[in-house]
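Throughout, read-outs are computed from the coordinates displayed, never taken from laboratory work. All figures in this text were calculated on a predicted structure; none of them were measured in a lab. Positions of Cβ are generated from backbone atoms using ideal geometry, with glycine treated the same way; all protein chains shown enter the neighbour counts.
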Amino acid sequence: MDPRLEIIDKRLKNIKRLIAISGGKGGIGKSLIASTLALILSELGYKVGLLDLDFSGPSAHIVLGTRGIYPKEEKGIIPPKIYGIKFMSIIYYAGDDPLPLRGIDVSNAIIELLTITRWGQLDFLIVDMPPGIGDAALDTIRLMKKTEFLVVTTQSKVTLETVKKVLKILKELRVLIIGIIENMRITKSPLVKKELKTFNTSFLGEIEFDKDLEDSIGYVNKLLKTDFAQNIKKIVLNAPEFKSKKKL
Ligand SMILES: Nc1ncnc2c1ncn2[C@@H]1O[C@H](COP(=O)(O)OP(=O)(O)O)[C@@H](O)[C@H]1O
Ligand SMILES: [Mg+2]
């Protein structure tokens, strides 16, 4: 057995909740939701980490505007704290260069990242996932066994169809799903709720399309003031699924 797998278990031991922000397609707001959710949980007083596992399109660092802050090496890697959040991303190794990885290399990079990162004690580790259920999601399920999935969708029929596939696979793999968030709502259509009802998964809430969101990317203070962020805060405060059992 790969000795790193045992180290990963140790590295993740003191993390109470691992939440992967997932969905069937790109461009539906996973990275914005993951980053904002991490910021809001931190604002509420929780100890929070954010891990960007989208190796081909890492985005969380852009949302947070993390310029000139790097991890420290000390018996592994200590993630830098950005706005109170411990942050880790492949960009610290690949920089701005594209990182074309085949399946096995994706797995190896994830294993390496999880082996070296020292998160310490956390109430929540939020994981920003690439679209769909591919190598990264399967490795997340395999290596971070406690992970719960939060599934993002939009009203788009093509997105909805892929989200159904994601939910189906997660259910088949018996992965915990905390719930579904409908993002970028532009009409009051009940389509998403109706279409996903058969999956018997909590509907955590809906987020309107926010035309001011784009301008706030890279500026955390501005981002937290958007209707988008207020919407996420409302979801966090109302959904029992976000109550971290007891604070560490
Ligand atoms: N509720 C929303 N209102 C307006 N724009 C949004 C909303 N959610 C996400 N976006 C925008 O959509 C784009 C893609 O978001 P991103 O989080 O990168 O998607 P993903 O991670 O799913 O690929 C970003 O430019 C983001 O600002
Ligand atoms: Mg993304």
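Per-structure values
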| item | result |
| --- | --- |
| Inter-label distance, nm, simple model (7 Å from Cα along the C-beta direction), A94/E6 | 3.1 |
| Contour excess over end-to-end distance, with Cα ends at N238 and I186 and 0.36 nm allotted per residue | 16.5 nm |
| Structure-based [θ]222 nm, the chain - -39500 (n - 2.57) summed over DSSP H runs of at least 4, per residue, nearest 500 | -11500 deg cm²/dmol |
| Using θ = phi - 60° and Karplus 6.51 cos²θ - 1.76 cosθ + 1.60, couplings along region 172-188 (whole Hz; Gly, Pro as x) | 4, 7, 6, 8, 6, 10, 6, x, 10, 10, 8, 10, 6, 5, 10, 10, 7 |
| Calculated SAXS-style log₁₀ I(q)/I(0) at q = 0.16, 0.21, 0.22 Å⁻¹ - region 172-228, Debye, Cα scatterers | -0.65, -0.85, -0.88 |
| Cα convex hull volume per residue for region 41-124 (Å³) | 96 |
| Over region 52-202, relative contact order from alpha-carbon pairs under 8 Å, at least 6 apart, % | 20 |
| Whole-Hz couplings from phi, Karplus 6.51/-1.76/1.60, listed for region 218-226; x for Gly and Pro | x, 10, 4, 4, 5, 4, 5, 8, 6 |
| Links that overshoot a 20 Å alpha carbon limit, given the list K193/K234; K145/K171; K86/K168; K25/K164 | K86/K168 |
| Under Karplus coefficients 6.51, -1.76 and 1.60, residue-wise ³J(HN,Hα) of region 37-52 in Hz, glycine/proline x | 4, 4, 4, 5, 4, 5, 4, 6, x, 7, 8, 10, x, 10, 10, 8 |
| Under-5 Å amide H pairs with F203, H placed in peptide plane, nonlocal only | I180 |
| Segment E73-K164, extension gain: residue separation times 0.36 nm, minus the distance between their alpha carbons | 28.6 nm |
| For the chain, the spread of Cα positions along each principal axis, largest first, Å | 52, 40, 40 |
| Shape call, region 1-141: gyration tensor on alpha carbons, a/c limit 1.5 | rounded |
| Taking E241, E73, E208 and counting other C-beta atoms within 10 Å, the order from fewest to most | E73, E208, E241 |
| Zone of E195's modelled label, taken as backbone nitrogen in region 154-177 under 13 Å from a point 7 Å along Cα→Cβ | 154-167 |
| Contour minus Cα-Cα distance for Y219 and K13 (0.36 nm per residue) | 70.9 nm |
